[in-house]
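Enquirer: What follows is a structure written as structure tokens; I'll ask about it next.
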Amino acid sequence: MSVKTVLVGICGGVAAYKALDVVSGLAKEGHHVRVMMTEAARHFVDPTAFAAVSGAPVLTTLWQEGAGEDLYPHLYPSTRADLCLILPATANTLAKIAHGLGDDLVSTACLSLPASCEKVFCPAMNVEMWRNPAVQENVRILETRGWLRLGPEEGRLACGMTGPGRLREPADLLKDIAPLLSSGTSLKEKTILILSGPTHEYMDPVRYIGNASSGRMGKALAEEALRRGANVRFITGPVSDEHLPGGVALHRVTSAEEMLAAARQQLPGCDAVLFAAAVADYRATTYSPEKRGKSEAGLQISLTANPDIAATLCRERTHSFKAIGFALQSHDGEAYARQKLNAKHLDAIILNAPDSMGAETGSFSCLERGDAPFHPWGRISKNEAAKNILNLIT
Ligand SMILES: Cc1cc2nc3c(=O)[nH]c(=O)nc-3n(C[C@H](O)[C@H](O)[C@H](O)COP(=O)(O)O)c2cc1C
């Protein structure tokens with residue numbers, strides 16, 4: 001296991017005492033854990049308790065006496081953190097981070113986290129506070145900026161009310177966080193095949209049937225897989241070069257049939273396949289080698305269904321690999337995802353809404369084979385979705 005620097009920001013909520021178990025668990029795993037506390041947090045738990053379980057002094061103020069790095073607690077250790085965990089995340093601190101405020105140690109340290117740092121927040125608050133539109137908007141802002149939200153869960157709250165707002169249980173949080181801390185090695189020696197972008201089905205030399213897929217999702221998946229140490233084979237339909245990842249074995253195709261042929265060729269030896277390409281469902285039954293002329297009477301084109309690449313590869317499976325499919329549906333998403341998961345023999349399916357097509361963010365949900373419930377991830381960036389998807393493999 002590689003040792004990581006974990007910065008934990010404790011905020012002023014009743015659930016702060018539960019953070020002791022999380023900090024203790026991380027320290028026992030051998031990570032360098034540094035705790036910082038808001039002033040409100042210190043009304044709930046004494047810093048001494050966190051110092052004891054983390055094995056390091058607790059940071060409580062911007063205005064620390066000392067010299068050198070000690071004089072800059074908003075920069076050290078935050079600029080070196082591999083993971084930052086805000087736990088419990090209060091409505092107040094969420095708002096500050098979402099809006100870039102830096103008027104205390106925790107919020108200012110969040111401003112100086114490096115781009116490479118995994119950022120996680122674990123909200124806990126009263127159910128009405130959680131449902132407040134301002135809080136929800138701040139949560140969305142953080143999620144679209146790459147912060148991973150864990151919880152809250154539903155149940156009876158300390159204030160006596162029941163509903164969403166409970167901090168996720170420490171043992172579950174430690175399980176959720178584990179793959180983030182092993183990133184860099186968690187997919188070492190694994191080979192992942194990614195299908196990305198749209199396909200273009202030419203009906204003559206200049207016109208094609210296609211869709212608005214940009215290839216952003218596939219690129220985000222490739223980059224995250226590389227970060228976790230995987231070998232990546234990447235098959236892409238026509239996308240602009242800015243949506244092609246570096247450091248991968250790249251195979252360019254145009255049509256669905258070419259993509260299937262390339263995927264069959266690349267599949268042997270793969271541990272997982274991510275079917276992120278938006279493959280055109282139909283192609284023109286006959287290709288005209290000459291440009292079809294314009295006619296006032298209109299144009300009738302006969303269409304033929306393209307092969308379903310995910311279903312075909314899973315049906316032909318001769319070695320074990322994890323198959324994660326994608327579905328884009330404007331209505332009845334959960335029922336459609338469930339039906340597609342089973343019909344195609346996938347291990348998981350990621351449902352995204354039409355607003356994600358060609359965009360940097362999207363509304364994603366996940367359905368895994370077995371008993372796992374349908375899991376909406378909300379509106380998040382594709383980079384964040386890629387992390388969640390690779391966590392399914394890790
Ligand atoms: C008894 C008590 C419990 C509280 N519990 C929560 C809570 O669970 N979640 C939350 O967002 N705020 C809670 N608050 C309100 C915060 O403590 C308050 O908004 C504070 O300013 C948060 O500061 P911080 O974000 O700097 O920690 C609670 C306040 C009190 C008095």
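The values are calculated or read from the model by the stated rules, or taken from the named source; none is laboratory data. Since we're looking at a predicted model, the values are computed, not measured. Neighbour counts are summed over all protein chains in view; Cβ atoms, including those assigned to glycine, are modelled from backbone coordinates with ideal geometry.
Enquirer: I'm trying to understand the selection: among the residues of the stretch 1-19, which are away from the ligand (no atom under 16 Å from the Cβ), among the aliphatic types (A, V, I, L, M) and under 24 Å from LEU62 (Cα atoms)? Step through it out loud before you land on a result.
Expert: Restricting attention to the stretch 1-19, the residues satisfying the condition of being away from the ligand (no atom under 16 Å from the Cβ) are 1-6.
Narrowing the set further to residues that are among the aliphatic types (A, V, I, L, M) leaves 1, 3, 6.
VAL6, the sole residue that qualifies.
Enquirer: Would you mind finding the one in LEU313, LEU328, LEU299 that is closer than 25 Å to ALA220 by Cβ and either among the hydroxyl-bearing types (Ser, Thr, Tyr) or surrounded by fewer than 20 Cβ atoms within 10 Å (Cβ to Cβ) (or both)? Reasoning before the result, please.
Expert: Working: LEU313 fails: either among the hydroxyl-bearing types (Ser, Thr, Tyr) or surrounded by fewer than 20 Cβ atoms within 10 Å (Cβ to Cβ) (or both); LEU299 fails: closer than 25 Å to ALA220 by Cβ.
The conditions single out LEU328.
Enquirer: For GLY146, indicate whether it is modelled with pLDDT of 85 or more, more than 15 Å from THR394 (Cβ to Cβ) and not charged (D, E, K, R).
Expert: On the way: modelled with pLDDT of 85 or more: no; more than 15 Å from THR394 (Cβ to Cβ): yes; not charged (D, E, K, R): yes.
No; evaluated as a whole, the condition is false for this residue.
Enquirer: May I ask you to list the residues in the stretch 180-198 that are of a type in the set (Gly, Ala, Ser) and at pLDDT 90 or above? Write out each step before concluding.
Expert: From the stretch 180-198, those of a type in the set (Gly, Ala, Ser) are 182-184, 186, 196-197; that's our starting set.
Listed by number, the residues that qualify are SER196, GLY197.
Enquirer: Only one of TYR17, TYR76, TYR72 is on the phi < 0 side of the Ramachandran plot, under 29 Å from the mean Cα position of the chain (by Cα) and at pLDDT below 95. Can you tell me which?
Expert: Of TYR17, TYR76, TYR72, the one residue that is on the phi < 0 side of the Ramachandran plot, under 29 Å from the mean Cα position of the chain (by Cα) and at pLDDT below 95 is TYR76.
Enquirer: Restricted to the stretch 20-49, and to residues that are farther than 20 Å from TYR72 by Cα and within 13 Å of the ligand (Cβ to nearest atom), which residue is farthest from the chain's Cα centre (by Cα)? Before the answer, list the steps.
Expert: The initial filter retains those residues of the stretch 20-49 that are farther than 20 Å from TYR72 by Cα, namely 20-31, 40-46, 48-49.
Now drop any that are not within 13 Å of the ligand (Cβ to nearest atom), which leaves 40-45.
On the way: ALA40: 31, ALA41: 29, ARG42: 32, HIS43: 34, PHE44: 32, VAL45: 32 Å.
The qualifying residue farthest from the chain's Cα centre (by Cα) is HIS43.
Enquirer: Being touching a Ser or Thr at 6+ places or on another chain (Cβ under 8 Å), more than 21 Å from GLU169 (Cβ to Cβ) and in contact (Cβ under 8 Å) with a residue 60 or more places away in the chain: is that true of PRO47 here? Let's see the steps before the verdict.
Expert: Numbers: touching a Ser or Thr at 6+ places or on another chain (Cβ under 8 Å): yes; more than 21 Å from GLU169 (Cβ to Cβ): yes; in contact (Cβ under 8 Å) with a residue 60 or more places away in the chain: no.
No; evaluated as a whole, the condition is false for this residue.
Enquirer: Continuing with the same structure: Within the group SER112, SER116, which residue is surrounded by fewer than 21 Cβ atoms within 10 Å (Cβ to Cβ), modelled with pLDDT under 95, more than 12 Å from the ligand (Cβ to nearest atom) and hydroxyl-bearing (Ser, Thr, Tyr)? If you could, list the steps in order and put the result at the bottom.
Expert: Working: SER112 fails: modelled with pLDDT under 95.
Among SER112, SER116, only SER116 is surrounded by fewer than 21 Cβ atoms within 10 Å (Cβ to Cβ), modelled with pLDDT under 95, more than 12 Å from the ligand (Cβ to nearest atom) and hydroxyl-bearing (Ser, Thr, Tyr).
Enquirer: Now for a separate question. Of the residues that sit in the stretch 160-177 and are surrounded by 17 or more Cβ atoms within 10 Å (Cβ to Cβ) and of a type in the set (D, E, K, R), which one is farthest from ALA277 (Cα to Cα)?
Expert: The extreme case among them is ARG166.
Enquirer: What is the one condition in (1) in a helix (DSSP H, G or I); (2) farther than 24 Å from PHE364 by Cα; (3) within 15 Å of the ligand (Cβ to nearest atom); (4) among the hydrophobic types (A, V, I, L, M, F, W, C) that ALA171 does not satisfy?
Expert: (3)
Enquirer: Need at least 1 residues that are touching a Ser or Thr at 6+ places or on another chain (Cβ under 7 Å) per element, so show me which strands (runs of 3 or more DSSP E) inside the stretch 221-278 make the cut, counting only ones lying wholly within it.
Expert: On the way: elements: 231-236, 249-252, 272-275.
So the answer is 231-236, 249-252.
Enquirer: Now, a different point. How about the stretch 123-168: which of its residues are more than 15 Å from the ligand (Cβ to nearest atom) and among the small types (Gly, Ala, Ser)?
Expert: Listed by number, the list holds a single entry, GLY146.
Enquirer: Go through (1) in contact with a Gly (Cβ under 7 Å, 6 or more places away or on another chain); (2) not in a helix (DSSP H, G or I) for SER330 and report which single condition fails.
Expert: (1)
Enquirer: Restricting attention to the stretch 1-28, report how many residues are touching a Lys or Arg at 6+ places or on another chain (Cβ under 9 Å) and part of a loop (DSSP other than H, G, I, E, B).
Expert: 1
Enquirer: Something else about it: Does GLY151 qualify as being at positive phi, surrounded by fewer than 18 Cβ atoms within 10 Å (Cβ to Cβ), outside the structural domain of ASN388 (by TED's automatic domain parsing) and not in a strand (DSSP E or B)? If you could, list the steps in order and put the result at the bottom.
Expert: Values: at positive phi: yes; surrounded by fewer than 18 Cβ atoms within 10 Å (Cβ to Cβ): no; outside the structural domain of ASN388 (by TED's automatic domain parsing): yes; not in a strand (DSSP E or B): yes.
Criteria not met by GLY151.
Enquirer: For the stretch 50-68, what are the residues that are surrounded by 12 or more Cβ atoms within 10 Å (Cβ to Cβ) and either acidic (Asp, Glu) or within 16 Å of the ligand (Cβ to nearest atom) (or both)? Explain how you work it out, then say what you get.
Expert: Kept after step one, since they are surrounded by 12 or more Cβ atoms within 10 Å (Cβ to Cβ), are these residues of the stretch 50-68: 50-62, 64.
Correct list: PHE50, VAL58, LEU59, THR60, THR61, LEU62.
Enquirer: Follow-up question, since we're still on this one. With (1) in contact with a Leu (Cβ under 9 Å, 6 or more places away or on another chain); (2) under 20 Å from PHE275 (Cα atoms); (3) surrounded by fewer than 23 Cβ atoms within 10 Å (Cβ to Cβ) as the list, and LYS190 as the residue in question, which single condition is left unmet?
Expert: With (1) in contact with a Leu (Cβ under 9 Å, 6 or more places away or on another chain); (2) under 20 Å from PHE275 (Cα atoms); (3) surrounded by fewer than 23 Cβ atoms within 10 Å (Cβ to Cβ) applied to LYS190, the lone miss is (1).
Enquirer: Can I ask one more? Out of GLU137, GLU189, I need the residue that is farther than 23 Å from GLU39 by Cβ, out of contact with any strand residue (DSSP E or B) (no Cβ under 9 Å at 6 or more places or on another chain) and acidic (Asp, Glu). Which one? Can you show your working first?
Expert: Numbers: GLU189 fails: out of contact with any strand residue (DSSP E or B) (no Cβ under 9 Å at 6 or more places or on another chain).
Testing whether each residue is farther than 23 Å from GLU39 by Cβ, out of contact with any strand residue (DSSP E or B) (no Cβ under 9 Å at 6 or more places or on another chain) and acidic (Asp, Glu) leaves just GLU137.
Enquirer: Being among the polar types (S, T, N, Q) and within 28 Å of ARG227 (Cα to Cα) narrows it down to one of GLN266, GLN300, GLN329, so name that one.
Expert: On the way: GLN300 fails: within 28 Å of ARG227 (Cα to Cα); GLN329 fails: within 28 Å of ARG227 (Cα to Cα).
On inspection, the qualifying residue turns out to be GLN266.
Enquirer: For LEU180, state whether it is crowded, with 18+ Cβ neighbours inside 10 Å, touching a residue at least 40 places away in the same chain (Cβ under 8 Å) and closer than 30 Å to ALA263 by Cβ.
Expert: In short, yes.
Enquirer: Confirm whether ILE177 is modelled with pLDDT of 95 or more and away from the ligand (no atom under 16 Å from the Cβ). Please lay out each step first, then the result.
Expert: Values: modelled with pLDDT of 95 or more: no; away from the ligand (no atom under 16 Å from the Cβ): yes.
Criteria not met by ILE177.
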